[in-house]
Amino acid sequence: MNTVQLLYFARLRDVFGLHSETLTLPEGSAVADLIARLVARGGAFADELGGARVFRVAVNQEMARPDDPIPAGAEVAIFPPVTGG
Amino acid sequence: MARITIRVGPDDFDLGREYAALVADEADSGAVVAFVGRVRDLNLAQHVAVLELEHYPGMTEKALARIAADAAARWPLTAVTVVHRVGPLHPAEQIVLVLTASAHRHAAYDANAFIMDYLKTEAPFWKRESDGNTARWVDARDSDAEAMQRWLPDDAP
């Protein structure tokens, strides 16, 4: 099992009521596997990550795609589309 | 190699000082373009009293450095400065500064627009605006994604 640090930002942090958490994932898990696990919690996680709403995932501070692997000890951030500038 | 300066923080910036630092001790920059983004007092018909800028410390600086480096790889830039503020900002305050310097103006203009278009779609900043009573997160705009798309090759997916 791999331990990963999850971070939530902006509106997602507010609706989840959570800044960060630590999860253990099976070796070889991809971003999509992590998202499926969070969606299975139901509630706001299912609403935000399991439907038509758009969100972004960064693995070790690089934008990631659903099939990207999550290395052991990774920092994984989940956040809404960005609105800077 | 272009000299790239990236700064993210709560402090305001001074355009004149940043420009002077950008061109100090060098004469190969024949053209410098400056973009300053400011807080408007109206957005989507709502009066904005405070605009709160949140970011992802660490990733933000990396993303901005990557965008500036991509611009420098695409155009013959001599120097780039990107300053982005975070925290609570009020109408008429400055949010973002992009300076691009090159031997000639076209590269400086195009690279400046490229950096802003990518910053708005790739750099992890989020705006929350408040009218003084209620606060709401600002939604990403389709027009920003479209503005970034114009820099992609025509055969990109």
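Quick note: the coordinates plus some simple rules give every number you see, no bench work behind them. Note that the coordinates shown come from a computational prediction; the quantities given were computed from them, not determined experimentally. Ideal geometry is used to build each Cβ from the backbone, glycine not excepted, and the neighbour counts take in all protein chains shown.
Determine the shielding of peptide A:53-63 by partner chains: average, over its residues, the number of Cβ atoms on other chains within 10 angstrom of each Cβ.
Mean inter-chain Cβ contacts per residue within 10 Å come to 3.
Counting only trypsin sites (Lys or Arg not before Pro) that DSSP places in a loop and that have at most 14 other Cβ atoms within 10 Å, the longest clean stretch of chain A runs over A:1-40. Across all Cα pairs in the protein assembly as shown, the calculated P(r) in 5 Å bins from zero up to the longest distance comes to 1, 6, 13, 15, 17, 15, 13, 10, 6, 3, 1, 0, 0 percent per bin. Computed from Cα atoms, the angle from the helix B:105-122 axis to the main principal axis of chain B rounds to 40 degrees.
Relative intensity of chain B on a log10 scale, I(q)/I(0) at q = 0.10, 0.12, 0.18, 0.19 Å⁻¹, equals -0.38, -0.54, -1.11, -1.21, per a Debye sum over C-alpha point scatterers of equal strength in the absence of solvent. Counting only other chain Cβ atoms within 10 Å of each residue's Cβ, the peptide B:51-61 averages 4. Annotation note: chymotrypsin sites (Phe, Trp or Tyr not before Pro) in the stretch B:81-157 located in DSSP loop regions with a Cβ neighbour count of at most 16 within 10 Å are B:Trp151.
When shorter helices are ignored and each DSSP H run of at least 4 residues is given -39500 (n - 2.57), the per-residue value for chain B at 222 nm works out to -10000 deg cm²/dmol. Annotation: Cα Rg of the stretch B:8-101 relative to the compact-globule expectation 2.2 N^0.38 Å equals 1.21.
For the peptide A:71-84, the mean number of other protein chain Cβ atoms found within 10 angstrom of a residue's Cβ is 6.
Computed from backbone phi with θ = phi - 60° and the Karplus coefficients 6.51, -1.76 and 1.60, the 3J(HN,Hα) list for the stretch B:85-90 is 8, 10, x, x, 10, 10 Hz; x is used for glycine and proline. Would you list the P(r) distribution for the stretch A:2-79, with all Cα-Cα distances sorted into 10 Å bins from 0 and each bin expressed as a whole %? Taking every Cα pair in the stretch A:2-79, the percentages come to 20, 59, 21. Across the alpha-carbon atoms of the stretch B:70-157, the computed radius of gyration and Dmax are 15.5, 49 angstrom. In a simple Cβ point-charge model (Lys, Arg +1; Asp, Glu -1; nothing else charged), the stretch B:3-143 has a dipole of about 180 debye relative to its Cα centre. Cα centroid distance between the stretch B:110-148 and the stretch A:2-69, in Å? The distance from the Cα centre of the stretch B:110-148 to that of the stretch A:2-69 comes to 22 Å.
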